[in-house]
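Derivation of every value follows stated rules applied to the coordinates shown; laboratory data play no part. Just so it is clear, the structure is predicted and the values come from calculations on it, not from any experiment. Neighbour counts are summed over all protein chains in view; Cβ atoms, including those assigned to glycine, are modelled from backbone coordinates with ideal geometry.
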């Protein structure tokens, strides 16, 4: 073999190897979604938050603490305002419960209330109960790449699987390419009309992860309405067993 032919063969090998590595390193749409979900959730988490519900003629703030384990378990304790303090909401797999200490009652939230706003916000009970559905109940497709707020993002199209019991006919999510931060989402109804969007702002490092600390949920056709969620503190991958998420513990946590 001549030197010229040998050089040519080496170039082909190098190019082919680079193409293979590039193909191997390219993430699928579902892998991107999973990475973004794990980014803000971790294996477990404990978060201190404040929610501001904004309407054309009034505003209301709610402070809370939450605990989460994977996709199936979460618990939220209301710390303010005084009239709601002590209320606890728990998601355990496909069920959602509400402990109301003022009347000493444990209430299972029925399917008929899933579309209602949680605590009067633009975040619905269904959003809380179906958090895991964004991973398991949709087919995911990489639509294109776009810039959002100066970040280079993957735009993921999500269409529900035939057997999935979900309320959205289509969802788009924009996830940053460098840090896998979910920076924007759009939710569409069965008529393909935009219902609401959520956007992330004020990126800060918390417990070693860069995350948005202000998330705005904006209804599409209701001017002057939105809900803003502020992340005050967060700890990831803490010791939080499955047994923590029980009705007995709902009455004890503070």
Shape category assigned to segment 201-250 from the gyration tensor of Cα positions, a/c cut at 1.5: oblate
If one takes the longest principal axis of the Cα atoms in the chain, at what angle in degrees, from 0 to 90 and to the nearest 10, does the Cα axis of helix 3-25 lie? 10
Helix-derived mean residue ellipticity, 222 nm - over the chain, DSSP H n ≥ 4, -39500 (n - 2.57), to 500: -5500 deg cm²/dmol
For residue 114 and residue 252, what is the calculated FRET efficiency with R₀ set at 25 Å and r taken between the beta-carbons, to the nearest 0.05? 0.40
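Relative contact order (percent) for segment 24-250, with alpha-carbon contacts under 8 angstrom and 6 or more residues of separation?
Computed over segment 24-250, the figure is 21 percent.
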Most fluctuating of 238, 33, 175 in the GNM of the chain (C-alpha, under 10 Å) is 238
Per the rule of 0.36 nm per residue minus the C-alpha distance, extending residue 223 to residue 194 adds in nm 9.0 nm
Checking the a/c ratio against 1.5 first, then a/b against b/c, what shape does the Cα gyration tensor give for segment 24-250? rounded
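Can you give the FRET efficiency to the nearest 0.05 for residue 242 and residue 57, using r as the Cβ-Cβ distance and R₀ = 51 Å? Please list the in-between numbers first.
Details: r = 44 Å, r/R0 = 0.85.
Between residue 242 and residue 57 the formula returns 0.70.
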Using alpha-carbon coordinates, inclination of helix 29-41 to the longest axis of the chain, degrees: 40
